[in-house]
Amino acid sequence: MKLATIRLGDRRTAAVRVEGDRLVEVGRPSVGAVLAAPGGLAAAATADGPQHPLTGADFAPVVPRPGKVVCVGLNYRNHIKEMGRDLPEHPTLFAKYADTLIGAHDAIRRPVETGQFDWEAELALVIGRQVRRAGEDEAVAAIAGFTVLNDITCRDWQFRTREWLQGKNWDSSTPVGPFLVTTDETGPRPALDIRCEVDGRVVQSDNTGDLLFDPVDLVRYVSTMVRLNPGDIIATGTPGGVGHARKPQVYLEGGELVVTEIESIGRLENPVVPEGA
C-alpha cells in the first residue's frame, strides 16, 4: 500500500491512499495521524473517501510533524571512503527538526549563510508502532514502511565543530515523500536502487542493500536509547557521490532541480531557490 499526505488548501491536509491514478482520502489529516490511530494502516487500506487525481497533487511531507527525525551518517561504504573515514562500529546519529521538512515538489530554500550547500539522497523508514529496546522481531514489526528523503546539508556549518546538527537543520531544506510504501510491498530490509540527479546529471547511484546498518538494525539501536513512536522517521544515510567529496567540490548555488528517486518507493523533484525568494 502507498499512502501520502496532500494539501487541500486553506491550510488543510489529508492522508490519502494511492489507487492507480487516483488518491483516496482515508479519513485522517496526515499519514502521521493514520499511524497514530489504533488499527491505522488496516483502516487506511479499506477507507473510501473523497478522491483526487494523482497528477498535480500538492504533496506535503509524508509525515508533516514527526516527533523525531533521527538521521544516520556514514552508512554506505563508498560514502565513508569518499569522506576519508573508517568504518564505524556503531551508527553515527544526529537529529533533524520537523521545520526542516518540505514536500516532494516544494522548493529547497538555500540559506544565504552557506557557501557549501550539498545533496544527500536517502532511504527513510517510518515507525508504525511504539517500541523501546526492540528485539529483532519487534523492530521488524515497528517499521510501517519507507519513503524518500534528501538530507540537504550546509557543509561549512556541519564541519565548524565535531557535532553535525548545525549543518543539518536549516529551515525548509529537507524534502521527504511523496509516499509511504508499506513493508508488505518492500520487506523490512529493502534492496532498491537509489539515485540523485542535479539538473539531469546523475550524481549518486547505489542500492539500499549496501547499507552498513540496515533499517532493522537502526530501529533496534535507536530504540535502545529512546522510545520510538508512530510517525517518527529514521533517515538511513547517503551513498557516495556527494558534492563535498568531489574534486573539485560542487555545491548547489540556486536554480538547480534536484531529483531524488528510490526504485518502487517514489521520486522527489525539488528546485533550489535562495531563501526569501
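The values are calculated or read from the model by the stated rules, or taken from the named source; none is laboratory data. Here the structure is a predicted model, which means the values were calculated and not measured. Virtual Cβ from ideal backbone geometry, glycine too; neighbours counted across all protein chains shown.
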**Fill in**
Listed by first then second residue, the pairs whose first member lies in region 112-137 and is modelled with pLDDT under 95 and among the aromatic types (Phe, Trp, Tyr), whose partner is buried (at least 20 other Cβ atoms within 10 Å of the Cβ) and not in a loop (DSSP other than H, G, I, E, B), with beta carbons under 8 Å and at least 6 positions apart or on separate chains, are none
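Being of a type in the set (Val, Ile, Thr), touching a strand residue (DSSP E or B) at 6+ places or on another chain (Cβ under 8 Å), assigned by TED's automatic domain parsing to the domain that holds Pro215 and farther than 23 Å from Leu35 by Cβ is the requirement here; does Val126 meet it?
Numbers: of a type in the set (Val, Ile, Thr): yes; touching a strand residue (DSSP E or B) at 6+ places or on another chain (Cβ under 8 Å): yes; assigned by TED's automatic domain parsing to the domain that holds Pro215: yes; farther than 23 Å from Leu35 by Cβ: no.
So Val126 does not fit the description; no.
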**Complete:** Taking region 47-67 and keeping residues surrounded by 18 or more Cβ atoms within 10 Å (Cβ to Cβ) and in contact with a Gly (Cβ under 6 Å, 6 or more places away or on another chain) leaves Phe59, Ala60, Pro61, Val62, Val63, Pro66
**Complete:** So, first residue on the phi < 0 side of the Ramachandran plot in region 52-66, second residue among the acidic types (Asp, Glu) and surrounded by 21 or more Cβ atoms within 10 Å (Cβ to Cβ), Cβ within less than 6 Å, six or more apart or across chains; the pairs are Pro66/Asp232
**Request:** Can you give me the number of residues within region 34-51 that are in contact with a strand residue (DSSP E or B) (Cβ under 8 Å, 6 or more places away or on another chain), free of Cβ contacts under 8 Å to residues at least 40 places away in the same chain and not β-branched (Val, Ile, Thr)?
**Result:** 5
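Name the single residue that is farthest from Ser172 (Cα to Cα) among those in region 82-98 being surrounded by 14 or more Cβ atoms within 10 Å (Cβ to Cβ) and either more than 21 Å from the chain's Cα centre (by Cα) or of a type in the set (A, V, I, L, M, F, W, C) (or both). It would help to see each step written out before you state the result.
Initially, region 82-98 is screened for residues surrounded by 14 or more Cβ atoms within 10 Å (Cβ to Cβ), giving 82, 88, 91-94, 96-98.
Narrowing the set further to residues that are either more than 21 Å from the chain's Cα centre (by Cα) or of a type in the set (A, V, I, L, M, F, W, C) (or both) leaves 82, 88, 93-94, 98.
On the way: Glu82: 27, Pro88: 30, Leu93: 21, Phe94: 18, Ala98: 9 Å.
That would be Pro88.
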**Message:** Pairs needed: first member in region 74-100, within 22 Å of Gln249 (Cβ to Cβ); second member anywhere, of a type in the set (D, E, K, R) and part of a helix (DSSP H, G or I); C-beta distance under 7 Å; at least 6 residues apart or different chains.
**Reply:** Tyr76/Asp210; Arg77/Asp210; Phe94/Lys168
**Asked** Arg129 versus (1) closer than 16 Å to Ser223 by Cβ; (2) part of a helix (DSSP H, G or I); (3) among the charged types (D, E, K, R): which is the lone unmet condition?
**Response** (2)
**Prompt:** Taking region 181-237 as the search range and keeping residues that are surrounded by 19 or more Cβ atoms within 10 Å (Cβ to Cβ) and at positive phi, which one is farthest from the chain's Cα centre (by Cα)?
**Reply:** Gly231
**Request:** Scan region 148-177 residue by residue and report those that are within 21 Å of Thr92 (Cβ to Cβ), surrounded by 24 or more Cβ atoms within 10 Å (Cβ to Cβ) and not hydrophobic (A, V, I, L, M, F, W, C).
**Result:** Asn150, Asp151, Thr153, Lys168, Ser173, Thr174
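Name the residue that is farthest from Glu269 (Cα to Cα), counting only residues in region 132-155 that are in a strand (DSSP E or B) and of a type in the set (Gly, Ala, Ser). Before you say what the answer is, go through the steps one by one.
Taking region 132-155 as the starting set, the residues that turn out to be in a strand (DSSP E or B) are 143-150, 153-154.
Filter again for of a type in the set (Gly, Ala, Ser), leaving 144-145.
On the way: Ala144: 24, Gly145: 21 Å.
Here the residue is Ala144.
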**Asked** From the list Ala4, Ala15, Ala44, which residue is crowded, with 19+ Cβ neighbours inside 10 Å, more than 21 Å from the chain's Cα centre (by Cα) and not in a loop (DSSP other than H, G, I, E, B)?
**Response** Ala44
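So, of the residues in region 18-41 that are at pLDDT 95 or above and in a loop (DSSP other than H, G, I, E, B), which turns out to be nearest to the chain's Cα centre (by Cα)? Working first, answer last.
Of region 18-41, the ones at pLDDT 95 or above are 18-37, 41.
Then keep just the ones that are in a loop (DSSP other than H, G, I, E, B); that gives 20-21, 26-30, 37.
On the way: Gly20: 23, Asp21: 23, Val26: 22, Gly27: 24, Arg28: 21, Pro29: 19, Ser30: 16, Ala37: 22 Å.
My answer is Ser30.
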**Request:** Kindly indicate whether any position in region 150-161 is without any contact (Cβ under 8 Å) to a residue 40 or more places away in the chain, assigned by TED's automatic domain parsing to the domain that holds His90 and at positive phi.
**Result:** no
**Message:** Every residue in region 110-153 that is more than 17 Å from the chain's Cα centre (by Cα) and closer than 28 Å to Gly240 by Cα, please.
**Reply:** Arg110, Pro111, Val112, Glu113, Thr114, Gly115, Gln116, Phe117, Ala139, Val140
**Ala104 farther than 23 Å from Arg7 by Cβ, assigned by TED's automatic domain parsing to the domain that holds Val250 and surrounded by 20 or more Cβ atoms within 10 Å (Cβ to Cβ)** = no
